[in-house]
1. Only four residue types carry charge here, +1 at the Cβ of Lys and Arg and -1 at the Cβ of Asp and Glu. Report the dipole size of the range 1-117 about the Cα centre in Debye, rounded to the nearest 20.
2. Among the listed pairs K145/K332; K29/K304; K33/K300; K148/K203, which have their C-alpha atoms separated by more than 28 angstrom in this model?
3. Can you compute the charge dipole magnitude of the chain about its Cα centre, using +1 on each Lys and Arg Cβ and -1 on each Asp and Glu Cβ, nothing else charged? Give it in debye, rounded to the nearest 20.
4. Hull surface divided by four, with the convex hull built on the Cα atoms of the range 13-81: how many nm²?
5. Can you give the alpha-carbon Rg of the range 87-147 over 2.2 N^0.38 Å, where N counts its residues?
6. How many percent of Cα pairs in the range 1-50 exceed 16 Å?
7. Please report the base-10 log of the normalised intensity I(q)/I(0) for the range 7-205, using a Debye sum with one equal scatterer per alpha carbon and no solvent, at each q in 0.16, 0.19 (1/Å).
8. Give the residue from N209, W185, G171 lying farthest towards the positive end of the charge dipole for the range 167-216; charges sit on Cβ (+1 for Lys and Arg, -1 for Asp and Glu) and the dipole is referred to the Cα centre.
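Every read-out reported here was derived from the displayed coordinates using simple, explicitly stated rules and does not represent laboratory data. Predicted model only: the values in this text are computed from it and were never measured. Heads up, the Cβs are rebuilt from the backbone with ideal geometry, glycines too, and the neighbour counts pull from every protein chain shown.
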Amino acid sequence: MYNQPSISVVIPVYNGSRYLNQCLDALIKSSYKPREIIVVDDGSTDDSVEISLRRGVTVFELPQRSGPAAARNHGAQNAQGDILLFVDSDVSINEKTIARLAANFMNNPDIVAVFGSYDDSPYAADFLSQFRNLLHHFIHQSSHKEAKTFWTGCGAIYKKTFFELGGFDEGWFSIEDIELGHRIWNNGYQIMLDKGLQVKHLKHWGWRNWLKTDIFYRAVPWSRLILLSGYLPHDLNLQTPHIISALLVDLLILTIPLSFIDTWSFFGMPLNAIFILLSLLFIITLIILNRRLYNLFLHKKGIKFTILAIPTHFFYYFYSSIAFAVCWILSKFVPSTVRLKKLNALQERK
């Protein structure tokens, strides 16, 4: 019989009062009691600290906003458990989540970290929130069990390994979990993606905060990490079908305007007809490549949702590929010190 591991929960929060009650309530009701629940307030101006204190959890307040990496590091430095469980303040675990995490560590002695995914029933009911969270759920659920990344929405790591690797790199204002996952894997350690470890995302997404987050806090820094490390992991949303889809969407954006030019011909065939056929071919290929995701949309939300979700998904591929292209150009033609300042400035405007 294995001894049950001691688990410390670390939650960074910045103005998270909208969801923090639900996040903490779910943790307190866990069937597997963590050694402690630590909330690190990253300079909030709302009542996040008061909410946490009322729940009786351990609270640390940073003197100024320093970013989620610094907040998580501060919580980890004060944690007493053998395992650090990082949970986002807009996530609600279920009663068995921590027990499942503990079982993963006990039953898989070769792993040093475990993470899961959002479930397929997002809390917010509007289209964009449902789309964004179902997309995240699908990407994690269709990725490899032997992961080369990490996720702090609900992810755990041995504290000893965490500090051996230097914790989160505070130079990253976002995707610090992905960067840590790369270091974990690059140092020869094993990470498990447990697809049965699913938690509920409480966040409501609007168009403005979705695009701002996805471009400046996901696509741009992730592109930067790929270019700095020189490594492109074929996992999560960088699997081959996703890369091909992004390229096809870019081609589709080029061919659609050309479909309206009817003054040229090519070997007697109107040129716009050729571009119309190419556009249809790209669309059909994209639907085939992403049919499993669209089947999920159809099964969970119905035909109207799916019809709207498909072009939204194309748009996601478009801005992600543009972000990578811009970062690549910057990496080639802009001095690294200037480039780093500009990218960090963009991220810190959140």
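1. Taking the Cα centre of the range 1-117 as origin, the dipole is about 300 debye.
2. Values: K145/K332 35 Å; K29/K304 37 Å; K33/K300 33 Å; K148/K203 26 Å.
Flagged as over cut-off: K145/K332; K29/K304; K33/K300.
3. On the way: 34 positive and 29 negative charges, 80 e Å.
The dipole magnitude comes to about 380 debye.
4. On the way: hull surface 17.7 nm².
Mean shadow area of the hull around the Cα atoms is 4.4 nm².
5. Working: Rg = 13.5 Å, N = 61, 2.2 N^0.38 = 10.5 Å.
Ratio of Rg to 2.2 N^0.38 Å for the range 87-147: 1.29.
6. Details: 559 of 1225 pairs.
Here the long-distance tail beyond 16 Å is 46 percent of all Cα pairs in the range 1-50.
7. These q points yield log10 I(q)/I(0) values of -1.01, -1.48.
8. Going by the Cα projections, it comes out as N209.
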